[in-house]
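J.: Just passing along the structure, written as structure tokens.
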Amino acid sequence: MKILSYSKALYSSWLYYSPDRLLFDAGESVSSIMGNKSFAIERVFLSHGHTDHIAGLVSLVNIRNNAMGDKKKPLTIYYPRNNFHISELMNYLNRTNSNVSYPLEWVPLEGGDEVQVFGEEESSRNPRYVKAFSTDHSRSEVSLGYNVIEVRQRLKEEYEETPQKEIKEIAEEEGRDKLMEDYRQKTFTYGGDSVPLDPKKISGTEVLCHDCTFLNEEDRKMYKHATLDEAVDVAIEAGVSKKMLGLHISSRYKNDLEKYKKKVLEDKKPSFELELVPPGQIYREY
């Protein structure tokens, strides 16, 4: 399993990204659905402080303290700096969970901050990071999105036309480092439930999780959240290479997902795969 998610606008939203054991947002039901897999979570990244994105932290913190599992395993929760609602919840949990048996740390982030999530050892190849970027949720709500970035290697540009035989000789005589360079690839992006994301902040990502609260533009009465058309436009402009996952969809569309998906694919003709997460249903991707 690569992704496990539950998303229903106004009720609950969360997404577990198993390659790096990351939980993005923590709406209610996260620990109930994940069960003892809740102990696999190493880091939580919160997009903002609205109840449907943070209410599940109360049970998650307690489950990690009382259920059958590794009760000594650390849990770190990252959140937008100066977010009032999250700060209040943090204070509440600290007051009511003084007997937590595991290291529980809260770390504020700002746009541009980076957290290494894999490959801390010097010998590790392809280290990965989560980099925060600012989003626009509402005027009074500080919010962030997150890019998972992997450091990869590729042949230096000056050697791209070099015959394979010469490449092999250079590698044997001067070492592989002579030929290769590091580059940073966005592999996964989580945008929370903001208005349309800035394509520049997520450009080149392989997989984009974007708010799609409104599948029909006519149903949006004010400029909040995003429409399906807007999300697909963002993904196209950002150069998403593999998949766009539409999240936070209003339950009014629960029986019409395929209709709207078919229409936007016909209209926009994106080069990537499009998947809409059914509101109120558990979504798994393997």
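J.: Neighbouring Cβ atoms within 10 Å as the yardstick, rank 76, 187, 205, 96 fewest first.
T.: 96, 76, 187, 205
J.: Return the ratio Rg/(2.2 N^0.38 Å) for region 3-285, where Rg is computed over Cα atoms only.
T.: 1.10
J.: Please work out the FRET efficiency for the pair residue 178 and residue 124, using the Cβ-Cβ distance as r and a Förster radius of 22 Å; give the result to the nearest 0.05.
T.: Efficiency, from the Cβ-Cβ distance: 0.55.
J.: Can you list residues whose amide H is under 5 Å from residue 142's amide H, if they're 5+ apart or on another chain and H is modeled 1.01 Å from N?
T.: Counting only residues 5 or more places away or on other chains, the set is 84.
J.: Working out 0.36 nm times the residue gap between residue 84 and residue 136, then minus their Cα-Cα distance, what length gain in nm do you get to one decimal?
T.: Roughly 17.1 nm would be gained on extension.
J.: Sticking with this structure for a sec: Only sites in a loop by DSSP and with at most 12 other Cβ atoms within 10 Å count here; which GluC sites (Glu not before Pro) in region 134-183 make the cut?
T.: Taking region 134-183 and a limit of 12 other Cβ atoms within 10 Å, the loop GluC sites (Glu not before Pro) found are 160, 161.
J.: Next question. Return the Rg/Rh value of region 191-253, two decimal places, where both radii are evaluated on C-alpha atoms and Rh is the Kirkwood radius.
T.: 0.96
J.: OK, next. Please compute the contact order of region 3-285 in relative form: average sequence separation of alpha-carbon pairs under 8 Å and at least six residues apart, divided by the residue count, as a percent.
T.: 16
J.: Here is a follow-up. Per residue of the chain, what 222 nm ellipticity follows from adding -39500 (n - 2.57) for every DSSP H run with n ≥ 4, rounded to the nearest 500?
T.: After summing the helix terms and dividing by the residues of the chain, the value is -7000 deg cm²/dmol.
J.: Do you know the Lys pair count in region 197-286 for C-alpha distances under 19 Å, with sequence separation 8 or more or different chains?
T.: Summing the qualifying lysine pairs gives 19.
J.: Share of antiparallel DSSP beta bridges in region 3-285, in percent to the nearest 5?
T.: 60
J.: Further, regarding this structure: Under a Cβ-Cβ cut-off of 11 Å, what is the net charge of the residues other than residue 203 that fall near it, where Lys and Arg count +1 and Asp and Glu count -1?
T.: Taking every other residue near residue 203 into account, the sum is +1.
J.: Would you calculate the separation in nanometres between label points at residue 10 and residue 95, each defined as 7 Å from the Cα along the Cα-to-beta-carbon direction?
T.: 3.0
J.: Work out how far the C-alpha atoms of region 143-229 reach from end to end along every principal axis, then list the three figures in whole Å, largest first.
T.: Extents along the principal axes, in whole Å: 66, 23, 15.
J.: Quick one: if the Förster radius is 41 Å, what FRET efficiency do residue 40 and residue 158 give, using the C-beta to C-beta distance and rounding to 0.05?
T.: 0.40
J.: For region 127-144, take each phi angle, set θ = phi - 60°, evaluate the Karplus expression 6.51 cos²θ - 1.76 cosθ + 1.60, and give the result in whole Hz per residue in order, putting x for glycine and proline.
T.: x, 10, 9, 10, 10, 7, 9, 6, 10, 10, 9, 7, 4, 9, 10, 6, 9, 9
J.: Evaluate E = 1/(1 + (r/R0)^6) for residue 76 and residue 266, where r is the Cβ-Cβ distance and R0 equals 41 Å; express this FRET efficiency to the nearest 0.05.
T.: Efficiency for this residue pair is about 0.40.
J.: For region 166-183, take each phi angle, set θ = phi - 60°, evaluate the Karplus expression 6.51 cos²θ - 1.76 cosθ + 1.60, and give the result in whole Hz per residue in order, putting x for glycine and proline.
T.: 5, 4, 5, 5, 5, 4, 6, 8, 10, x, 5, 4, 5, 9, 10, 9, 7, 9
J.: Also, I was wondering about something else. ³J(HN,Hα) across region 232-248 via Karplus (A = 6.51, B = -1.76, C = 1.60, θ = phi - 60°), whole Hz, x for Gly/Pro?
T.: Using θ = phi - 60°, the values come out as 5, 4, 4, 4, 5, 5, 6, x, 4, 9, 10, 8, 10, 10, x, 10, 6 Hz.
Bear in mind that the values in this text are calculations on the coordinates, not laboratory data. In this text, all values refer to a predicted model and were calculated from it rather than measured experimentally. Here Cβ is always computed from backbone atoms with ideal geometry, including for glycine, and neighbour counts include all displayed protein chains.
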